[in-house]
Amino acid sequence: MNIRGYRLTIIGVYAVNDDSPTASKDTFFQQLNDEIIKTGKTREIFLLGDLNSRTGKSDNDVTIGKYGEDTLINNGERLIDMCKQNNLRILNGFYQHRNIHKYTWIQGTKKLRSIIDYVITKQKTKLQIQDVRVYRGAICGSDHHLLKAKIFLPYKREK
């Protein structure tokens with residue numbers, strides 16, 4: 001996709017669960033990594049979707065940011081490793097919000113909540129990512145909340 005001089009690749013993802021067999025997870029993350037490599041180094045990339053990963057948080061990490069959740073699971077480790085290999089950034093953890101605007105999935109009766117849906121881009125992107133946050137109340141036939149990214153595409157007007 002080309003938008004005003006930007007060559008973009010958008011990859012929508014629904015990942016295997018963390019409870020899935022190791023072989024299934026290996027296959028999924030290898031296929032996802034292959035798709036990312038196919039995009040090349042000159043294209044901008046947006047990786048969006050339900051990655052069934054909990055990536056935790058870190059104060060001094062260029063991949064995950066310091067505003068994520070406390071929990072890190074196996075799929076999260078795999079996602080972080082893949083992002084580090086490809087110089088990608090998991091944007092959810094870089095913007096400070098109240099918890100209701102941070103958690104993408106909530107199971108009310110058991111009081112469970114997690115961040116498992118993500119927006120991921122290159123670490124060195126020409127795009128200006130202004131915010132990533134959850135919007136509650138959107139009815140979309142899912143138990144996940146709407147995740148929205150505000151992205152500015154700088155461009156020069158042609159005369």
Identity of the residue in region 6-55, free of Cβ contacts under 8 Å to residues at least 40 places away in the same chain and of a type in the set (Gly, Ala, Ser), that ends up nearest to Ile120 (Cα to Cα): Gly12
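Kindly indicate whether Leu32 is in a strand (DSSP E or B) and either of a type in the set (Val, Ile, Thr) or surrounded by 15 or more Cβ atoms within 10 Å (Cβ to Cβ) (or both).
On the way: in a strand (DSSP E or B): no; either of a type in the set (Val, Ile, Thr) or surrounded by 15 or more Cβ atoms within 10 Å (Cβ to Cβ) (or both): yes.
So Leu32 does not fit the description; no.
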Residue count, region 73-124 (criterion: within 13 Å of the chain's Cα centre (by Cα), small (Gly, Ala, Ser) and under 23 Å from Lys150 (Cα atoms)): 1
Options Cys83, Cys140; residue that is in a loop (DSSP other than H, G, I, E, B) and either modelled with pLDDT of 90 or more or of a type outside the set (Phe, Trp, Tyr) (or both): Cys140
Within region 50-72, tally of residues that are surrounded by fewer than 17 Cβ atoms within 10 Å (Cβ to Cβ), under 15 Å from the mean Cα position of the chain (by Cα) and not basic (Lys, Arg): 2
Subset tally (residues that are buried (at least 18 other Cβ atoms within 10 Å of the Cβ) and assigned to a helix (DSSP H, G or I)) for region 1-29: 3
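Between Thr63, Thr39, which is within 21 Å of Thr27 (Cβ to Cβ) and in contact with a strand residue (DSSP E or B) (Cβ under 8 Å, 6 or more places away or on another chain)?
Of the residues listed, the single one that is within 21 Å of Thr27 (Cβ to Cβ) and in contact with a strand residue (DSSP E or B) (Cβ under 8 Å, 6 or more places away or on another chain) is Thr39.
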Residue in region 56-76 that is touching a residue at least 60 places away in the same chain (Cβ under 8 Å), in a helix (DSSP H, G or I) and of a type outside the set (D, E, K, R) present: yes
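The values are calculated or read from the model by the stated rules, or taken from the named source; none is laboratory data. This structure is a prediction, so every number in the text was calculated from the model and none was measured. We place every Cβ from the backbone using ideal geometry, glycine too, and count neighbours over all the protein chains shown.
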